[in-house]
Amino acid sequence: MACANKLGVLARNISSSAVLNQLVKPPVQVFGIEGRYACALFSAASKTKALDAVEKDLTSFQSQFKQDPKLRDFILNPTIKRSLKAAALKDVAAKVKFNPATGFLLETLAENGRLNRLDNVINAYKLIMSANRGEVVCEVITAKPLEGAQRKELEAQLKKFVGSNESIHLTAKVDPLIIGGMIVSIGDRYVDMSVASKIKKYTDLISTAV
């Protein structure tokens with residue numbers, strides 16, 4: 001209940017109108033703690049017409065987080081007091097001129113001891129924004145990086161599975177453990193065409209037969 005109250009505060013404190021206190025429903029469901037923070041942020045940013053600005057802020061901060069070991073260590077260090085982290089992030093947000101909604105999210109995560117979930121919160125917000133733009137999020141995992149021509153051909157084929165008014169937002173990842181083939185997630189559909197999956201299937205069949 002306390003977490004839900006804090007999320008409500010996240011949405012209400014950024015909205016200047018008392019009439020708009022009710023959360024704006026996101027275009028796609030995102031579950032878990034990360035999803036609740038992302039949904040509250042989406043609601044708050046919607047009310048101030050700052051959806052794109054917040055996404056830009058978060059993308060920039062996420063990139064900096066991954067590239068700067070000092071920033072990453074500061075955020076993830078459990079021995080640093082929450083209040084110090086909140087104050088520091090508030091200062092940083094002000095200096096780089098982040099949207100107020102972005103700054104308030106960072107402060108709230110720090111105060112609640114949830115900064116270790118920051119990367120997932122950002123990804124959840126990006127997912128909501130993709131759906132808001134009419135994009136269908138698709139993730140493809142291959143054993144080796146896709147070449148330019150392969151990626152274009154794959155996007156063309158995946159486009160056939162979405163509506164005419166929708167577009168594909170493709171994320172390609174590499175996992176050598178799948179050996180070959182690919183694993184495709186598109187919307188709520190999941191298809192495992194990896195060599196590793198086939199090997200496991202046949203191994204299980206042999207084990208059952210024995």
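The values are calculated or read from the model by the stated rules, or taken from the named source; none is laboratory data. Everything numeric here is computed off the predicted structure, so don't read it as measured data. Virtual Cβ from ideal backbone geometry, glycine too; neighbours counted across all protein chains shown.
Just a few scattered comments:
- Residue within segment 195-209 that is within 30 Å of Phe74 (Cα to Cα) and in contact with a helix residue (DSSP H, G or I) (Cβ under 6 Å, 6 or more places away or on another chain) present: no
- Residue within segment 184-194 that is part of a helix (DSSP H, G or I) and more than 20 Å from the chain's Cα centre (by Cα) present: no
- Any hit, segment 89-100, residues being touching a Gly at 6+ places or on another chain (Cβ under 8 Å), in a helix (DSSP H, G or I) and more than 16 Å from Ile122 (Cα to Cα): yes
The rows are residues; the columns are (1) at pLDDT 90 or above; (2) touching a Phe, Trp or Tyr at 6+ places or on another chain (Cβ under 8 Å); (3) not in a helix (DSSP H, G or I); (4) not charged (D, E, K, R).
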position	(1), (2), (3), (4)
Asn123	yes, no, no, yes
Leu158	no, no, no, yes
Ser164	no, no, yes, yes
Ser197	no, no, no, yes
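To keep it simple, each residue is scored yes or no on (1) over 13 Å from Leu106 (Cα atoms); (2) of a type in the set (Ser, Thr, Tyr); (3) surrounded by 14 or more Cβ atoms within 10 Å (Cβ to Cβ).
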| position | (1), (2), (3) |
| --- | --- |
| Ala38 | no, no, yes |
| Ser46 | yes, yes, yes |
| Lys49 | yes, no, no |
| Ala53 | yes, no, yes |
| Asp57 | no, no, yes |
| Lys70 | yes, no, no |
| Asp73 | yes, no, no |
| Leu89 | no, no, yes |
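- Test: Ala131 is touching a residue at least 60 places away in the same chain (Cβ under 8 Å), touching an Asp or Glu at 6+ places or on another chain (Cβ under 8 Å) and either surrounded by 13 or more Cβ atoms within 10 Å (Cβ to Cβ) or not aromatic (Phe, Trp, Tyr) (or both): no
- Hey, Leu158 crowded, with 18+ Cβ neighbours inside 10 Å and under 30 Å from Val54 (Cβ atoms) or not: no
- Residue match in segment 166-177 (condition: of a type in the set (S, T, N, Q), at negative phi and not in a helix (DSSP H, G or I)): yes
- Pair list, Cβ < 9 Å and 6+ apart or interchain, from segment 180-197 residues that are surrounded by 17 or more Cβ atoms within 10 Å (Cβ to Cβ) to residues that are of a type in the set (Phe, Trp, Tyr): Ile183/Tyr190; Val184/Tyr190; Ile186/Phe161
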